[in-house]
Amino acid sequence: MIDPLDAVAAVGRGTIGAVRATGAVALFGAAGLSHLVRPPFYGRMFLQAFIEFSYFSLPVVALTAVFSGAVIALQSFTGFSRFGAESAIAGIVVLSVVRELGPVLAGLMVAGRVGAAMAAELGTMRVTDQIDALGTLSTNPMKYLVAPRLLAGLIAVPLLVIVADVLGVAGGFLVSTVKLGFNPSGYLTSTFQILTTTDVVAGLAKAAAFGFLIALMGCYHGYNSKGGAQGVGSATTSAVVAASILILAFDYVLTELFFAR
Amino acid sequence: MSDPKIRVRGLTKAFGAKTVLDGIDLDVAAGTSMVVIGGSGSGKSVLLKCILGLIEPDAGSIEIDGRDVLRLPRQEREQVNARIGMLFQAGALFDSLTVWENVAFGLLAQHKAARAEARERAGTILAQVGLDPSVGDLSPAELSGGMQKRVGLARAIASQPDILFFDEPTTGLDPIMGAVIDGLIVDCVKRLGSTAIAITHDMASATRIGDRAAMLFRGKLVWQGQAADLLHSGNSMVDQFTHGRREGPIQMELRR
């Protein structure tokens, strides 16, 4: 006999688990942020995390941006030429890149690259007692390991997205002018005509939120990993999956905030 | 007799249904070394981690210099912890840093010594554990197990702590290297005048580094005495453990 209450209990357990995890992540993030305003500060750690986030992510983010800008130009041309609306393509490309694809795709790529590395590094430090060792050397591990990474994510990803925006538009521009026969100066004029400051600011705000989420998930899952190599592996997976889902969910919420009226 | 440096009373910790520490009472006099022996899973590491504040015990008190550290505000607790050095079982060296940065880590974090000065101090401390200062430029991954232990010891003593903890200092080393590490530990503890707690299941090591000894079994201290008496304690559990006999009052639970 299956007890119908079992199903209810399962839903309840899942809900409690989700609420508990959300609370734990929020407390972890708040603790990490609070260390950003209390000395001592670890500039060296911030710099390391910042370079990892920004400089070493440049190639992958740049390629992603160029190709997605190019593909949007191509796709919207095949669709829009049926209605004779080719002139809208420059606007489509710049708005989709700056508002959505720049931040979201850069976020997802960085989550896979940096978020995973972060979780693996902190996870290994956890299971080899290195995080405990920090505590015995008068160093708060939240302050030393987590706070600099959160700040690095917050600052580095918007900078990456500026690059992604430029290269995404360039990708669309290339395809439109070289392959589809658009007039270069006309394309650029309509690009800048349609783009507003709000679009750019909203895109960069999204990028900052995504950067913070990537660092938060990488640190949280790494910091709390347990159980040796397998534990570190699953922490890495969780960090990337959680960051990717949160990026898409927050993208919707932030879009609603900025653009829905 | 003066107050002990470390006084543990009624320390209890359970993980889920499994009680790991069950009312531990332990005194360690200032300037002496206590070895805690016991089988795998007897709660030795948890005991050390409780005293260090890495694990929050369920009940009991831990006094260091007469102050209950479990009830101290966090900042004062950190000040107490700053005077404790620990050698971790697997070394726990920071693999993203060089050897000398590992050794000088506490110095750089605490006293804000300049890097050049810290570098020099690290060389001196490395020499104290029998390593050439040039080892300082290597990364921990390039070292053998015995060298990693020495670097871990150097890091633990670098800030001249008055309390030192050793978690299975000789595990995984050959007998000669084990004896070398034991010798270094005794030297360091003597030189610093520190109070030490070592946990181990290596009997040779226990008698070499300990003044006093205690045996932990299923979360309880079943025996305390002089470390020199370990091999002829008269306690049947200690005898079985120190002589490594299969038969005796301790029955291995093969399946739980």
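Observations, loosely collected:
- Inter-chain neighbour count for B:84-91: the average number of beta-carbon atoms from partner chains within 10 Å of each residue's beta-carbon is 4.
- If you plug the beta carbon distance of B:Arg74 and A:Ala18 into 1/(1 + (r/R0)^6) with R0 = 30 Å, you get a FRET efficiency near 0.50.
- Bridging of B:Lys149 to lysines at a Cα separation below 21 Å is possible for B:Lys44, B:Lys49, B:Lys190, once same-chain residues fewer than 8 apart are set aside.
- Two-site label geometry, B:Asp211 and A:Tyr252: point separation in nm, points 7 Å out along Cα→Cβ: 6.7
- Kirkwood Rh, angstrom, segment B:93-160 [1 / mean 1/r, Cα pairs]: 11.3
- Inter-probe distance in nm under a simple model that places probes 7 Å from Cα toward Cβ, at B:Arg191 and A:Ser234: 4.5
- For segment B:36-113, a Kirkwood radius taken over Cα pairs fed into Stokes-Einstein (25 °C, viscosity 0.890 mPa s) yields D = 167 µm²/s.
- Cβ neighbours within 10 Å from other chains - mean over A:137-143: 6
- Shielding by partners for peptide A:124-132, expressed as the average number of C-beta atoms from other protein chains within 10 Å of each residue's C-beta, is 5.
- Taking segment B:171-205 and a reference point 7 angstrom along Cα→Cβ of B:Ala30, the backbone N atoms nearer than 18 Å belong to B:189-197.
- Probe 1.4 Å - accessible area at A:Tyr55, Å² to nearest ten: 140
- The peptide list A:126-133, B:190-197, B:234-241, A:152-159, put in order of mean Cβ contacts within 10 Å with the highest first, becomes A:152-159, A:126-133, B:190-197, B:234-241.
- Taking packing as the residue-averaged number of other Cβ atoms within 10 angstrom, the listed peptides B:36-43, A:4-11, B:16-23 run from highest to lowest as B:36-43, B:16-23, A:4-11.
- The order of the peptides A:227-239, B:209-221 by mean Cβ neighbours within 10 Å, most packed first, is B:209-221, A:227-239.
- Projecting the Cα positions of A:Ala85, A:Val98, A:Ala147 onto the charge dipole of chain A (unit charges on Cβ atoms of Lys, Arg, Asp and Glu, taken about the Cα centre) puts A:Ala147 furthest along the positive direction.
- Distance in nm between pseudo-label sites at A:Lys226 and A:Leu36 (7 Å out along the Cβ direction from Cα): 2.9
- Restricting segment B:76-166 to chymotrypsin sites (Phe, Trp or Tyr not before Pro) that sit in a DSSP loop and have at most 15 other Cβ atoms within 10 Å of their own Cβ leaves nothing.
- Paired Rg and Dmax values of segment A:49-175, which use every Cα atom, in angstrom: 19.6, 70
- Cα point-scatterer Debye curve for segment A:4-259, base-10 log of I(q)/I(0) at q = 0.17 Å⁻¹: -1.17
The values are calculated or read from the model by the stated rules, or taken from the named source; none is laboratory data. None of the values given here were measured: they were computed from a predicted structure. Every residue, glycine among them, receives a Cβ derived from its backbone with ideal geometry; neighbour counts consider all protein chains shown. Just the protein is used for accessible areas: all its heavy atoms, side chains included, with ligands, DNA and RNA removed. Shrake-Rupley method; radii C 1.70, N 1.55, O 1.52, S 1.80 Å.
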